[in-house]
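A short write-up of the structure that comes next.
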Amino acid sequence: MHILTEEEYDQLCEESIKTNGKRLLNHDGFDEICQWENQFATGLFYEVELRPGLRLIIADAIHHQELKVWSHHEQSYPLISKFHISGNLRTITPRIKEIADDYIEKVGKNYLFYLPNVDEIHNFSDGEYESVVVIHIDIDVFKTFSQGFEYLPTSLQALIKKNSPPRFHYTVGKITPAMFVVLQQILEPPFQGMMKRMYLESRVLELLALQLNQFLHQEQAIRAVANLRPVDIEKTYYARDILIRRIENPPSLIDLAKLVGFGVRKLRYCFQEVFGTTVFGYLHDYRMEQAKMMLAESKMQVAEVANAVGYSHLGYFAKAFKEKFGVSPKEFQCGKKSLK
């Protein structure tokens, strides 16, 4: 296991670019593309300045060995929106009361965070392929959209109202099909030069709007279950976690209720209140989303994906997938990805 500071790692990447990589600076007059390879990773970094205080970063890397990178965030720090298209990232943030000491950002999810004056240790795993789309928006730029800020999630309003807003790191939720469409447009813009910059800025703002809307609905859902006891909410999330861990062979409703200490009726009621769907409705949607990611990001056969998400009958899986997304698993895997 190697441990480097962020400055040491950046210097190593710079040296790699000079020796066996390449850099296109201001390729379109406003962006920078870097490719490199060293003993720790092979990577690509694409940064676009859309306007002062608003940046888009696309990063891809496959790691060749385990590595820890220590970094320090300055007091002047932007709001960061992050979308994990591939790979997971474990981060340790010791002795920061507002956020967890140890958390994992996971593939298929999106995050929103504001972490000034923080020390972090990022843990990269051998063989892990990571692909992320990241948006940096300075707080002053974020405030320019502040008219109507009462419609923002309550936890974000402090960014506008307070001179020294509290730090936070939120898991907003799964990357939705609408977000995937915009992400694909960002990754493959149809224009060059000035039009490309205008196009990317519009897509980035759309992606932020989709994320903030998802965050707002999540907050409203939490308020909606305020009538449940905290212990009941905790048990309901525990039941959800059991379903996810045992996706290939989930327990029956009766067994699941026993595992978390509920009656069946109570489990049904709490699950509907917390997640807005039935127990097995949630499991079905989760299976479909996992299958979609496997088909998009791996070379697994459709039958292998079906088995991995708990379908022993390929025909049932294909029918369920098409009903959910509007295309068959094979069509989706072959590039027809216009999902519902």
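The values are calculated or read from the model by the stated rules, or taken from the named source; none is laboratory data. All values reported here derive from a predicted model rather than from experimental measurement. Cβ atoms come from the backbone with ideal geometry, glycine included; neighbour counts cover every protein chain shown. Quick note on the areas: whole protein, heavy atoms, side chains included, nothing else; ligands and nucleic acids left out. Shrake-Rupley method; radii C 1.70, N 1.55, O 1.52, S 1.80 Å.
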Of the residues that make up region 216-231, is at least one over 30 Å from M1 (Cα atoms), open to solvent by 30 Å² or more (accessible area, probe 1.4 Å), in contact with a helix residue (DSSP H, G or I) (Cβ under 6 Å, 6 or more places away or on another chain) and in a helix (DSSP H, G or I)? no
The residue that is modelled with the lowest pLDDT, considering only those in region 167-192 that are surrounded by 12 or more Cβ atoms within 10 Å (Cβ to Cβ) and assigned to a loop (DSSP other than H, G, I, E, B), is R167
Could you tell me whether Y311 is part of a helix (DSSP H, G or I) and of a type in the set (F, W, Y)? no
Between residues in region 190-205 that are polar (S, T, N, Q) and residues that are modelled with pLDDT under 95, which pairs lie under 8 Å by C-beta distance while being six or more apart or on different chains? Q192/D28
Check off (1) closer than 30 Å to R268 by Cα; (2) loosely packed, with under 14 Cβ neighbours inside 10 Å; (3) of a type in the set (S, T, N, Q) for S202 and give me the number that stays unchecked. (1)
So V48, is it modelled with pLDDT of 95 or more and either of a type in the set (V, I, T) or open to solvent by 50 Å² or more (accessible area, probe 1.4 Å) (or both): yes
Would you list the helices (runs of 4 or more DSSP H) that sit entirely within region 232-302 and hold 2 or more residues that are modelled with pLDDT under 90? 264-275, 279-297
For region 161-189, which residues satisfy the criterion of being of a type in the set (K, R) and either without any contact (Cβ under 8 Å) to a residue 40 or more places away in the chain or over 24 Å from T93 (Cα atoms) (or both)? K161, K162
Scanning region 104-128 for residues that are within 18 Å of L187 (Cβ to Cβ) and either assigned to a loop (DSSP other than H, G, I, E, B) or without any contact (Cβ under 8 Å) to a residue 60 or more places away in the chain (or both), which turns out least open to solvent (accessible area, probe 1.4 Å)? G108
Residue count, region 129-155, condition under 23 Å from I104 (Cβ atoms) and in a helix (DSSP H, G or I), comes to 1
